[in-house]
1. Quick one: net charge of ALA294's neighbours, Cβ under 15 Å, K/R +1, D/E -1?
2. Working from the pairwise distances between different alpha carbons, so that the mean of 1/r is found and then inverted, what is the range 208-283's Kirkwood radius in Å?
3. Between 0 and 90 degrees, rounded to the nearest ten: what's the tilt of helix 4-20 against the longest Cα principal axis of the chain?
4. If you consider only alpha-carbon coordinates, what radius of gyration and Dmax does the range 102-207 have, in Å?
5. How many percent of DSSP beta bridges within the chain run antiparallel, rounded to 5?
6. Which three extents, in angstrom, do the Cα atoms of the chain have along their principal axes, listed largest first?
7. What fraction of the DSSP beta bridges in the range 208-283 is antiparallel, stated in percent and rounded to the nearest 5?
8. What residue among GLU129, GLU353, GLU32 shows peak mean-square fluctuation when the chain is described by a Gaussian network model with Cα springs under 10 Å?
Amino acid sequence: MKNVDVKELIAVMDELEKERGISKEYLVNALEEALVKAYKQNFDADENADNVKVTIDKITGEMHVYSAREVVPELAIPELEITLEDARKIDKNYNVGDIVNIEIKPKDFGRIAAQKAKQVVVQKIREAEKDMVFTEFNDKKGEIVSGLIQKADGKIVVMDLGKLEGVMPLKEQIPTETYRVNDKIRGYVLEVEKGLKGTPQVIVSRSHPDFVRKLFEFEIPEIYEGLIEIKSVSRDAGSRSKVAVYSRDQNIDPVGSCVGQKGVRIQNIINELNGEKIDVIEWNEDPAIYIAAALLPAQVMAVDVKEEEKFAQVIVPDDQLSLAIGKSGQNARLAARLTNWKIDIKSESQIREILLAQAEAEDVEENTETAEE
C-alpha cells in the first residue's frame, strides 16, 4: 500500500536525523504503533487485540497492514485464526501454532495514515527535542550557566538559559542580592528535572557551596589544571565562605595563587558574590594545623585533638576569642563545617580557670583521703 504523504515524511525523517539527531528508526517505530491504534479505532477492530501489525519501509515509505492469525486445526475465531489447510496454501511449511501475517487493505486507510503520520511525527519531534535538551542540561549538572532574568517576584527567579528556563528558588538565592528583570546572572546547575508535560526544568543555585568551588575553577588556572586542589568549602551565602586548598607541588603556594597579586583573583570572585567575604586557607593532613588555619582570621595558641571523636579543643589568646567564634558563632561554625570536626574554643584565661578549678578539686580530694586514713 503506497501513500505519497508517508513517503514524503520518510524524506523529512532523513533530514531530521541528519540535522537534529532525531533517530529515524525511533520515528518510524512510533508511527507504526500509532497507525495500529488508528486502524483499530477506524475499522471497528477490537482495540485490545494485538493481532494487527503495520509496517513501513524505512527507505521507500511503502506501508503494509497485516492481520496476525494463529494456525489452528479447526477455525473458532476467524479474526484471530487461520486453518492449517488455508495456511499451507500460503506456505506449505506452516504448522499448527505458527503465526501467519495476512495482508489486509482497508479502504481509505492511506488517507487516515497520512493524517496520523503528520501528527505523530510532529509530536515525536517535540518529545525528542525535549529529551535532547534534558540530556544536554543534565550533562551540565554541577556546572555554571548564565542567563537573563525573566521574572523576579521576591520568591523565585526565572532565568532564560536559551533553550529552556532556569528556576532559582528562594533558598538557592543569595540573601544580600537583589534580582531584576533583564539582569544577566550566573548560577550553579543544581538539578535538572522533567516537568508535568515532559519539559525540562533547570534548578539553579547561587547559594550552594559548590557555586563558590566552580567560581574558583574559573578564576584560578592552577585549580582548573589540577595543580591546586580544593579540599573543602563551607559557606554562609551572602556573608562568608571558607575554602581549603592544597597543592602537592611544594613550589606552588596554593593560598597565594588563589588570592592573586594584590588580591585580583579573589576579588573577581568576591564581586560575583556581591561582596561575600572569602577566607582561603591551606589544607593540612595534620588536623591540629588544619583546624588552626580554618579559624582564620583569628590567631590560635594550641589545638588538642581527639581523633576517635573528631573533637578539637582550641585555645586562643583572650583578645582573639570573639574573633575566633565570630558574630553569632559564624567563624567557628564555618570552620567546623570546613574541617568536619567538632570544635570547642576557649580563651587562655578560661583554660587557666578550668585548670585551676581542677587542681583545687584534686587538692580537696587528696586532703579528704588523708583525713580518712
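Nothing in this text is a laboratory measurement; each read-out follows from the coordinates by a stated rule. Every value quoted in this text rests on a predicted model; they were computed, and no experiment measured them. In this analysis, Cβ positions are derived from the backbone assuming ideal geometry, glycine residues included, and neighbour counts consider all displayed protein chains.
1. Summing Lys and Arg as +1 and Asp and Glu as -1 gives +3.
2. On the way: mean 1/r = 0.0826 Å⁻¹.
Result for the range 208-283, one decimal place: 12.1 Å.
3. 20
4. Answer for the range 102-207, Rg first and Dmax second: 20.2, 72 Å.
5. Taking every DSSP beta bridge with both residues in the chain, the antiparallel ones total about 70 percent.
6. Here the spans come out as 117, 65, 44 Å, largest first.
7. On the way: 7 of 13 bridges.
Close to 55 percent.
8. Looking only at GLU129, GLU353, GLU32, the biggest GNM fluctuation is shown by GLU353.
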